[in-house]
Each structure stands twice: as structure tokens, then as C-alpha cells.
Amino acid sequence: MDYLYARCSTNEERQNLLRQIKFGESHGVRPENMFKEYISGSKDSRPELNKLLNIIKEGDTIYCSSIDRRSLF
């Protein structure tokens, strides 16, 4: 199964989130498999990322078009 994790710090960065969603679409990720959130990168708790990590299985692919400044894990 293919998934996308997309994150922006605020709604004002909506263009960046749309770019990430288009990236997922271009790789065939279905909308229901896209996990999106607006949350600061400085926050350790990321609810949508946690949901995604709880459902993935071996062999699944997670697309993430931008990892900036700090690792997700």
C-alpha cells in the first residue's frame, strides 16, 4: 500500500502542503491514504504521523516529499 505524509507549520504555508499532495498524487497515492497536518516541526507530537505509523505494514511505501531541518523520527 502507498501512503503520503504531508506537513506544514501553518495554514499560511498552504501552497507547500498542496505541492506535497500533488507529489503524492503523481506517485499514485489515493486520497484516503494521505495523512496531512498543519503543525510546527518543533512539536514532538504529530497526530497524523502517529496514525500513519500505526497502520503501516512491511512492504508499504510512505512518500514524503520534504523533510526539512529536522528528521521525522
| query | Fewest to most neighbouring Cβ within 10 Å: what's the order for 39, 55? | reply | 55, 39
| said: Checking the a/c ratio against 1.5 first, then a/b against b/c, what shape does the Cα gyration tensor give for region 2-63? | reply: oblate
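Taking other Cβ within 10 Å of each residue's Cβ, how do 7, 19 sort, fewest first?
Numbers: 7 24, 19 14.
The fewest-first ordering by Cβ neighbours comes to 19, 7.
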| note | Assertion target for 32, 25, ordered by fewest C-beta neighbours within 10 angstrom first, is 32, 25
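Only the coordinates and a few stated rules stand behind these numbers; no lab work does. Since the structure is predicted, the reported quantities are computational estimates derived from the model, not experimental observations. Glycine also receives a Cβ, built like all others from the backbone with ideal geometry; neighbour counts cover every protein chain displayed.
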